[in-house]
């Protein structure tokens, strides 16, 4: 049997993986060249994103394929939606790399950012960089998977390195802080193992029901087994996307990991989860009503529980963790319909969510780097003290809430809700509408803190002292972080001026 390879189509996956190997080889040949390692990683991520860009110009029905069998099935298929998810993942990982650059290059580690004080994590730069690249390669491979083996291996490649990234603590962290980080890594590992067990069971049932491990429109010899297989796979993926009731690991891991790693988990890792869901939905074709109901319940529970718990959080990282749970519900929402545009609607929503969440994390990181910590109260009055940070953060919050002038967030919510309304699933539409109101309360509460008068007893002391301290912090903020703030803000502004709708 002859297989048509076409490696050029797999460059978005291969580029970060080859860069990971190259980083380790360079470390063996040229030890201690941390900036070189980071540069290779940046080139690998940027190269993968550039390789995926041509896929954005594909028309409906066209795809870039690789590893095609004589029967016509391909083990790697990247259409326009898949290419968009790959670009999102690779550029998101590049943002995270820039955020962690100073720590991993052996700088001061950001002090309060990661809780480690001076010293950073530069001594293990090759390891953490290769882990980041490996995980990102797995994320890029997931949505293009054409068979169960590729899907399972890609999902674990996207997950297991992140466990190590959470567990690898800074040498100068306090013992309690290191123990908490290990606790977060164990929570993520345990969740990953349970998720993989469910996915493996679902894969076995899938093969038993269809007689093949390929995912292209299977013919079910045993429809009941295929339904059971889809439920198992859906449950396994719900862990990875942080959907309720499979979300318990999220607030634990997010609040114990270094902030750049948390940003990666909240954004890039979610691309893998949605990519796998898209593969499942497309493979099933006409989905059974039971599976649709399961997706609908996951969406409704996730957005409701996530918003209600986020409403009472006093720490910005925990608030963003529960925001991730709520936003997972919105990503799942269009997949609860039979619409042919459901997968694209979910991808469009995820794209807006990733940009807004990355911008929020960048600002939180900059503020925490100055010693103010991650508490919500520490950002009180930031509009007056640090308007160049408060305005982008406010735009990110309004985008997540779906409020003007952040039109991109509003359009994303309309696009996600439209397939459900089109199918007449009114109970789910009502739940989503109620959660729009609760979500507005969540993000406006944070937004109001930015607008309020500065605290005279907070980290900045009096108004004058706080402004002077903010100026000093701004001078010590890496230029690359300001570039990220500007770039992500520009993307949201452009998305609001000319919203693109469905991918």
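No value in this document is a laboratory result; all are computed from the given coordinates. A quick note: this is a predicted structure, and the numbers were derived from the prediction, not measured. Note that we place each Cβ from the backbone using ideal geometry, even for glycine, and neighbour counts take in every protein chain shown.
The angle separating the long axis of helix 80-104 from the principal Cα axis of greatest extent in the chain is about 30 degrees.
With n ≥ 4 as the cut-off for DSSP H runs, can you work out [θ] at 222 nm for the chain, using -39500 (n - 2.57) per run divided by the number of residues, rounded to the nearest 500? Walk me through the numbers before you get to the answer.
Working: 19 runs with 348 residues, N = 503.
Value at 222 nm, helices only: -23500 deg cm²/dmol.
Temperature 10 °C, viscosity 1.306 mPa s: under these conditions the Stokes-Einstein estimate for the chain, based on its Kirkwood radius over C-alpha pairs, is 70 µm² per second. If you sort the three axes of the alpha carbon gyration tensor as a ≥ b ≥ c, you get a/c of 1.5 or more for the stretch 125-179 and a/b above b/c, which makes it prolate.
Calculated FRET efficiency, residue 182 to residue 388, Cβ-Cβ distance, R0 = 41 Å: about 0.65 to the nearest 0.05. For the stretch 295-313, backbone nitrogen atoms closer than 20 Å to the point 7 Å from residue 248 Cα along Cα-to-C-beta are found at 298-299, 301-310.
Between the helical axis of 34-52 and the longest alpha-carbon principal axis of the chain there is an angle of about 40 degrees.
Residue ranges 20-26, 261-267 sort as 261-267, 20-26 when ordered by packing (mean number of other C-beta atoms within 10 Å per residue, highest first). Given R₀ = 51 Å, FRET efficiency for residue 21-residue 453 by Cβ-Cβ distance, to 0.05? After rounding to 0.05, the efficiency reads 0.45.
Can you give me the angle between helix 223-241 and the longest principal axis of the chain, using Cα atoms only, in degrees from 0 to 90, rounded to the nearest 10? The angle comes out at about 10 degrees. Under 14 Å from a label point set 7 Å out along the Cα-to-Cβ vector of residue 175, no amide N atom of the stretch 232-258 is found.
The average projected area of the stretch 286-503, computed from the convex hull of its Cα atoms over all directions, is 11.4 nm².
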